[in-house]
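The structure appears below as structure tokens.
The values are calculated or read from the model by the stated rules, or taken from the named source; none is laboratory data. As the structure is a computational prediction, the values presented were derived from the model and not from experiment. Cβ coordinates were reconstructed from backbone atoms using ideal geometry, including for glycine residues, and neighbour counts include every protein chain displayed.
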Amino acid sequence: MIKTARTNESTTPRVAIVGAGIAGLTALQDLSASGAHVTVFDKSRGSGGRISSKKVGESSWDMGAQFMRAHTPEFAVELDHWSNKGWVAEWPVTPWIIDEHGATPSPDNARRFVGVPRMTGLSRGLLEAAAEFITQTRIVSTEFINNEKSGQWYLNDDNNNRHGPFDSLVINVPPEQALPLLPVDSPFIEQIQNYTMQPCWTLLLGFAEPLTTEIDAAFVKTGPLAWIARNTSKPGRHDQASASDEWVIQATHEWSQQHVDASREDVFAHLTQAFAESLGGQLPDTQDTWLHRWLFSIPTQAPELGAFHDNAHNLAICGDWCQHGSIEGAWISGKAAAQRLLEQ
Ligand SMILES: Cc1cc2nc3c(=O)[nH]c(=O)nc-3n(C[C@H](O)[C@H](O)[C@H](O)COP(=O)(O)OP(=O)(O)OC[C@H]3O[C@@H](n4cnc5c(N)ncnc54)[C@H](O)[C@@H]3O)c2cc1C
């Protein structure tokens with residue numbers, strides 16, 4: 001049960017979640033089911049964080065996370081639940097491996113799911129549980145005001161607006177961005193300072209003519225690339241595509257780190273060339289292109305601690321970086337954040 005310090009008005013607990021990523025939106029489900037009035041803030045125009053989609057031409061591309069899969073029975077159940085809600089669908093793809101010997105199919109038993117009709121179909125569905133979703137609002141500082149019964153949070157945004165009071169706070173932002181939001185006497189500052197994230201250059205290429213390859217998705221084990229996928233092979237994407245064949249191309253974290261400050265032109269040329277080589281041929285003319293640099297793509301560590309919980313401040317801190325770098329990791333962390341606030 002969430003503590004509330006307010007006595008002279010509604011006693012419905014009020015919770016703020018900073019960050020509408022999968023971890024924050026997962027915490028939202030359990031907090032709102034417990035009866036709390038939950039307000040979600042995000043600096044972006046939409047929800048989803050690193051599962052975001054990018055509109056290029058008439059198409060929405062999966063620019064961040066490519067698919068989700070379960071390594072735990074609990075998350076497998078959740079994927080089926082999201083599928084029944086129509087927020088995700090199974091992507092029946094056979095991944096290939098591309099290495100120095102060439103390309104070979106690498107079938108496995110994994111069930112891969114994607115948000116429909118784009119990855120953010122999932123975050124939009126999860127957001128239905130929010131009392132309010134306040135977008136394009138970067139929270140830059142927080143205040144915790146102690147009183148006899150408990151304490152209350154106020155949040156300050158980058159337009160000098162003050163939001164609150166809230167009885168509890170969930171912070172779901174990458175570690176570097178979480179630090180300025182913590183109370184000065186937070187016991188977690190030193191630990192969180194040690195967490196880091198890795199960059200990832202991501203290229204989107206749309207072709208007027210389909211590429212002549214059987215491959216729809218491949219893990220690349222050679223050169224600068226880590227992953228290539230035909231976005232239009234995912235459920236719900238093809239009919240909305242502006243080009244007839246659309247690909248997402250991701251560089252390795254190592255290559256992205258080495259080229260983190262390289263010019264966009266150089267990165268574009270390098271990754272396009274590597275993509276052509278990975279498919280063993282020339283590429284036709286592109287119709288749509290986009291290049292994105294994720295500075296905080298995947299955490300370097302996998303501490304598997306669920307979430308940080310600060311009972312004295314009615315505060316939980318969550319994100320994949322508290323667990324491991326995947327949608328499943330973010331989900332586990334968001335569940336832990338809500339559970340700890342509800343148990344306190
Ligand atoms: C290129 C790439 C490929 C990936 N591929 C996969 C994959 O195939 N499968 C998989 O399982 N995972 C993949 N991942 C990882 C997966 O996307 C993440 O693990 C997961 O989405 C993280 O969710 P989160 O809630 O922890 O954080 P985030 O998604 O980062 O959410 C944090 C949110 O906080 C907001 N925010 C930040 N600061 C503030 C502030 N001050 N005020 C307000 N809002 C703020 C951000 O806008 C964001 O919406 C990939 C990630 C990337 C980047």
- Item | Members of the range 132-154 found to be within 16 Å of the ligand (Cβ to nearest atom) and part of a loop (DSSP other than H, G, I, E, B), listed by number | T135, Q136, T137, R138
- Note on the structure: Of (1) among the hydrophobic types (A, V, I, L, M, F, W, C); (2) buried (at least 19 other Cβ atoms within 10 Å of the Cβ); (3) closer than 20 Å to P210 by Cβ, L279 satisfies every one except (2)
- Mind listing whichever residues of the range 196-209 are surrounded by 13 or more Cβ atoms within 10 Å (Cβ to Cβ) and either more than 12 Å from the ligand (Cβ to nearest atom) or more than 17 Å from the chain's Cα centre (by Cα) (or both)? T196, L203, L204, L205, G206, F207, A208
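Each row is one residue, and each column tells you yes or no for (1) more than 17 Å from the chain's Cα centre (by Cα); (2) touching a residue at least 60 places away in the same chain (Cβ under 8 Å); (3) not assigned by TED's automatic domain parsing to the domain that holds G24.
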{"position": "H71", "(1), (2), (3)": "yes, yes, yes"}
{"position": "V77", "(1), (2), (3)": "yes, no, yes"}
{"position": "W82", "(1), (2), (3)": "no, no, yes"}
{"position": "V93", "(1), (2), (3)": "yes, yes, yes"}
{"position": "D99", "(1), (2), (3)": "yes, yes, yes"}
{"position": "P107", "(1), (2), (3)": "yes, no, yes"}
{"position": "A110", "(1), (2), (3)": "yes, no, yes"}
- So which residues in the range 37-64 are under 20 Å from A336 (Cβ atoms) and surrounded by fewer than 24 Cβ atoms within 10 Å (Cβ to Cβ)? R50
- Sort out for me the strands (runs of 3 or more DSSP E) sitting completely within the range 1-72 that have 2 or more residues that are at pLDDT 95 or above. 14-18, 37-41
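Of the residues that make up the range 167-179, is at least one modelled with pLDDT of 95 or more and more than 25 Å from the chain's Cα centre (by Cα)?
Yes, some residue in the range 167-179 is modelled with pLDDT of 95 or more and more than 25 Å from the chain's Cα centre (by Cα).
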- Message: Show the residue pairs meeting these rules: Cβ distance below 7 Å; 6+ apart or different chains; first residue within the range 160-174 and under 17 Å from K43 (Cβ atoms); second residue of a type in the set (S, T, Y).
- Response: R162/Y154; H163/Y154; L169/T142
- Item | Of all residues in the range 243-286 being closer than 17 Å to D62 by Cα and more than 24 Å from the chain's Cα centre (by Cα), the one that is farthest from the ligand (Cβ to nearest atom) | S244
- Task: Could you please find all residues in the range 102-131 being in contact with a strand residue (DSSP E or B) (Cβ under 8 Å, 6 or more places away or on another chain), away from the ligand (no atom under 14 Å from the Cβ) and assigned to a strand (DSSP E or B)?
- Result: A103, T104, P105
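Against the definition (assigned to a strand (DSSP E or B) and of a type in the set (S, T, N, Q)), how does S83 come out, yes or no?
In short, no.
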- Note on the structure: Condition set more than 30 Å from W290 (Cβ to Cβ) and touching a helix residue (DSSP H, G or I) at 6+ places or on another chain (Cβ under 6 Å), scope the range 29-61, selection nearest to the ligand (Cβ to nearest atom): answer is Q29
- Item | Which listed residue, of P73, P107, is farther than 23 Å from G334 by Cα and surrounded by fewer than 18 Cβ atoms within 10 Å (Cβ to Cβ) | P107
- Consider S186 carefully, then state whether it is hydroxyl-bearing (S, T, Y), outside any strand (DSSP E or B) and surrounded by 22 or more Cβ atoms within 10 Å (Cβ to Cβ). no
